[in-house]
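The values are calculated or read from the model by the stated rules, or taken from the named source; none is laboratory data. Bear in mind that the values here come from a model prediction, so they are computed numbers and not experimental data. In this analysis, Cβ positions are derived from the backbone assuming ideal geometry, glycine residues included, and neighbour counts consider all displayed protein chains.
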Amino acid sequence: MKARYLSLKPLVNWRREPHPISWKNIFGNDNPLVVEIGFGNGEYLVRRAKECPEINFVGIDREWQSVWRALRSIHKSQIPNVRILKADARWVFTRLFPPESIMETYSLFPCPWPKERHERYRLFSRKFLRQINACLAPEGIVNIVTDFYPYFCWIKEQSVDTGFSLSYEITGPGFSTKYENKWLQAGTNVFYRIELKKIVHIPPRQPDTVTMKTYRVVAFDPEKFRPDPLRGDIVVEFKDFLYDPLQERAMVRALVIEDDFVQDFWVEIKHSGNDWHIRPGEGCGWIPTVGVQKAIDQVYEACLKTCHSEASQAERGNSEDSPEEIPRFARDDGQKTPHFVRGDMTNK
């Protein structure tokens, strides 16, 4: 199989880097830093990096298809001043950039999420703009271009009390990106450009430090396993369920939404020794947040229900009355963190 991305060298493995990242170490120099949020195929990112070799560029995107295409373009252009992050921008600006370290941030045609019920997925909410502000140098700039007028108005409303002055203009094509070309072909040639200039520094919000708790249960019945979703400030949904009776391992897919941040990962229930171990699946790229812990807790509660009901109730009573005792059917394990039966959790 031939690698379409050609080289992975520009891709930053942020999970193995100390947070915040030392971009001076990553690039080998202390040049000014410019960040693109959602770079599509990477054509504009690569073009700017070529034109400005004295500036370091970081592109952020969640989609692998966008990432590998950008990596391919970077390799073909042989430009040393671009790095790529495959991650959610909201999380990146909270953890991976030091305060006042970025000269400019821009985003060309971010998804407007036009339906009202999807509004919370939009980038550039007031909270996110304050996070960007904390990472921008004094008088740093945020540039946003959109074709969707209601989204343009929404961003203007969100910019209040974010430490930015705002200016805007109606502009025509000129970026030659994937989405600009798409709108031009559809007959749209009027775009809205917002420029936000930092005038007041917003101190960075310290990210929550969550110590993940995993569990063990003595009994597990995959036929009776029905994890309950959660609603509220944190949303937890369970989508798919896989069980391998030969390896005695179950996997349940969890979708967690918290603070506009979405994580899609698997929780593993694996028979080990005399117990079944409940923990996030390895290699899923999950980030330790309160929402992930709540998903694990929900899986744990569902596993308890698969135990014999009378024994489970007795065990819960022992756990509450005598916290130091190790429950018979469940206990906190104190760890940090070929034949499948498939099920769809959304219909259960």
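Tabulated values for the structure
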{"read-out": "Some residue of segment 66-88 being within 17 Å of Arg205 (Cβ to Cβ) and of a type in the set (Gly, Ala, Ser)", "value": "no"}
{"read-out": "Answer residue from segment 223-241, given it is in contact with an Asp or Glu (Cβ under 8 Å, 6 or more places away or on another chain) and not in a strand (DSSP E or B) and is nearest to Val262 (Cα to Cα) among those", "value": "Asp233"}
{"read-out": "Condition met for Trp64 (under 19 Å from Asn13 (Cβ atoms), of a type in the set (A, V, I, L, M, F, W, C) and assigned by TED's automatic domain parsing to the domain that holds Ile155)", "value": "yes"}
{"read-out": "Qualifying residue in segment 180-195 (condition: in a loop (DSSP other than H, G, I, E, B), in contact with a Leu (Cβ under 8 Å, 6 or more places away or on another chain) and of a type in the set (Ser, Thr, Tyr))", "value": "no"}
{"read-out": "Segment 4-23, residues that are exposed (fewer than 11 other Cβ atoms within 10 Å of the Cβ) and closer than 13 Å to Arg69 by Cβ", "value": "Arg4"}
{"read-out": "Trp113 being farther than 28 Å from Lys197 by Cβ, aromatic (Phe, Trp, Tyr) and either surrounded by fewer than 17 Cβ atoms within 10 Å (Cβ to Cβ) or out of contact with any strand residue (DSSP E or B) (no Cβ under 7 Å at 6 or more places or on another chain) (or both)", "value": "no"}
{"read-out": "Among residues of segment 38-62, those that are among the polar types (S, T, N, Q), surrounded by 24 or more Cβ atoms within 10 Å (Cβ to Cβ) and in contact with a Ser or Thr (Cβ under 7 Å, 6 or more places away or on another chain), counted", "value": "0"}
{"read-out": "Among residues of segment 150-179, those that are at pLDDT 95 or above, of a type in the set (Ser, Thr, Tyr) and outside any helix (DSSP H, G or I), counted", "value": "5"}
